[in-house]
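Working notes for the structure below.
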Amino acid sequence: MKMQTTAPSHTATSNPCKLCSPLGACLVFKGIKGALPLLHGSQGCATYIRRYLISHYKEPIDIASSNFTETTTVFGGKNNLTNALKNICTQYTPELIGVATTCLSETIGDDVPQYLREFKSEQEPNARLPHIVPVSTPSYQGTHMDGFHAAIKSLVTYFAAPLPRTQRVVLFPNMVSSADIRYLKELLADFALDHIILPDYSCTLDGGPWDGYQKIPSGGTSVEDLAKLGGFAFAIELGRSPAGQESASAYLEHKFTLKRYTTGLPIGIQATDEFMQILETISRQSPPQAIREERGRLLDAYADAHKYCFEKKAVVFGEADMVAAMAGFLLETGIIPVLCATGSHNGILKAELEKLSCQSGRSLEVREGVDFEEIHDISRKLKPDFMLGNSKGYSIARKLGIPLVRVGFPIHDRIGGQRILHLGYRGTQQLFDRIVNTIIENTQAQSPVGYTYM
Ligand code: SF4
């Protein structure tokens, strides 16, 4: 029952198992109604992030940039930021602008909150300005998940103010798919909970066709709801906060004394049971029959497919919370997550895997702060049957001659990444069926005589 964390064989990073910090912040701002993300830095950062988000979500994604030049880099970006804000207000008339910094503006030490104060004081007294929420996202010391959590925290600290208590619930879903957010909304409604989800990009990043171009797609958490956060009674946070950092729900708890619940991503029976228990406690209602039936079908499927799963080996990689949840789920099915890897370096994965290692009595190889070269090196020795993670692992899976089951973000080489359901009994069921069918399909493909059912 030990956890292995052997040192990497090289020091340089090549193809990191993480993405850029302001990307996570942009995703959060895309989940706010009437909001536009603005990157304070060079144009290339906005282009890279737009490209990444568009190739996963297959939706038009506007992200503004303050367009640094050589001069800006030497003398500071205040004028560029001011011009960008004015242009956005004229062209988009947004309700909110989320200003995320990039490596360059952080490196030269631009004081964005001060620039914003000066910008506001320079406007006409009766000018109607959007909310402008800054977030510091230096990518050289964080990942897309750090940017994601930092943007949520900035929104909460900007909006939450003391208000009379209501029985409302705010759910922080973590960086999950648009389909996951829709499913969470359905679940909360099943338990008759008056709720908001922060962020909610279930429609903004997975909507229907438009009659004309929408500069800012409809949907998202409204600023009116954000302004009421200080009166909410409950917060649920999916995923674990990095050690030593206060999450948005922890901030609400200590500032406004709401009741806070945290749990891992609800993937697998045990993790979903824990989430359902929270919903039951808050709502004082038992899960509806339909949810209990979904759980029963999933248990039945585990039993049906055990012969295909038992002792199969998987390499799991991606965001720490997602990897930890996937590892817990795989262990329930008899599949061994022989390597669990993430590009983050915040202790979440190690802490969660230590618990799983103790529960299961399995020795699990865990790596934080890894790149794909290291994942490849370790995987070659472990001889896994398949990989479970995002599209960035495809080249390794190809070299190893094993299948990649795509989950999480980014999924560039398939359609529907935003519609993959990971969460709850229902999402686990879909994931489980995909994994088992992948194992069967690969066995058929590798067999010299084929395998079929006559
Ligand atoms: S320079 Fe920094 S902020 Fe810009 S794309 Fe690269 S990692 Fe992201």
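The values are calculated or read from the model by the stated rules, or taken from the named source; none is laboratory data. Predicted model only: the values in this text are computed from it and were never measured. Reconstructed Cβ throughout: ideal geometry from the backbone, glycine too, with neighbour counts over all protein chains shown. Surface areas here come from the heavy atoms of the whole protein model, side chains and all, with no ligands, DNA or RNA. Shrake-Rupley method; radii C 1.70, N 1.55, O 1.52, S 1.80 Å.
Only one of 93, 137 is more than 30 Å from residue 290 (Cα to Cα), among the polar types (S, T, N, Q) and within 16 Å of the ligand (Cβ to nearest atom); which?
On the way: 93 fails: within 16 Å of the ligand (Cβ to nearest atom).
Exactly one of 93, 137 is more than 30 Å from residue 290 (Cα to Cα), among the polar types (S, T, N, Q) and within 16 Å of the ligand (Cβ to nearest atom), namely 137.
Considering only the stretch 203-218, I want to know if a residue exists there that is open to solvent by less than 40 Å² (accessible area, probe 1.4 Å) and closer than 19 Å to residue 254 by Cβ.
No, there is no match, as no residue in the stretch 203-218 is open to solvent by less than 40 Å² (accessible area, probe 1.4 Å) and closer than 19 Å to residue 254 by Cβ.
Residue 21: surrounded by 15 or more Cβ atoms within 10 Å (Cβ to Cβ) and not hydrophobic (A, V, I, L, M, F, W, C), yes or no?
Taking the combined requirement at face value, the residue satisfies it.
Only one of 319, 293 is closer than 18 Å to residue 405 by Cα and among the acidic types (Asp, Glu). Can you tell me which?
319
Taking the condition of being aromatic (Phe, Trp, Tyr) and surrounded by fewer than 24 Cβ atoms within 10 Å (Cβ to Cβ), how many residues in the stretch 24-52 meet it?
The number of residues fulfilling the criteria is 2.
Do we have any residue at all in the stretch 113-121 that's within 14 Å of the ligand (Cβ to nearest atom), of a type outside the set (D, E, K, R) and over 23 Å from residue 216 (Cα atoms)?
No - not one qualifying residue is present in the stretch 113-121.
Suppose the filter is under 23 Å from residue 280 (Cβ atoms) and at pLDDT 95 or above; does residue 303 pass it?
No: the conditions fail for residue 303.
Checking the condition open to solvent by less than 30 Å² (accessible area, probe 1.4 Å) and acidic (Asp, Glu), which residue from 225, 300, 321, 304 passes?
321
In the stretch 158-174, what count of residues is obtained for those that are surrounded by fewer than 20 Cβ atoms within 10 Å (Cβ to Cβ) and touching a strand residue (DSSP E or B) at 6+ places or on another chain (Cβ under 9 Å)?
Residues that pass the stated criteria total 4.
Is it the case, given these coordinates, that residue 74 is among the hydrophobic types (A, V, I, L, M, F, W, C), touching a residue at least 60 places away in the same chain (Cβ under 8 Å) and not in a loop (DSSP other than H, G, I, E, B)?
Here the answer is no, as residue 74 does not meet what is asked.
For the stretch 252-274, enumerate the residues that are assigned to a helix (DSSP H, G or I) and closer than 16 Å to residue 186 by Cα.
Result: 272, single match.
Kindly indicate whether residue 262 is within 15 Å of residue 153 (Cα to Cα) and modelled with pLDDT of 95 or more.
So residue 262 fails the test.
Counting just the residues of the stretch 275-297 that are without any contact (Cβ under 8 Å) to a residue 24 or more places away in the chain and closer than 11 Å to residue 191 by Cβ, which one comes out surrounded by the fewest Cβ atoms within 10 Å (Cβ to Cβ)? I'd like the intermediate steps shown before the answer.
We begin by selecting, within the stretch 275-297, every residue without any contact (Cβ under 8 Å) to a residue 24 or more places away in the chain; these are 276-277, 281, 284, 286, 289, 292-293, 296.
Okay, now just the ones that are also closer than 11 Å to residue 191 by Cβ, so 276, 281, 284, 286.
Working: 276: 21, 281: 12, 284: 8, 286: 12.
Ranking the candidates gives 284 first.
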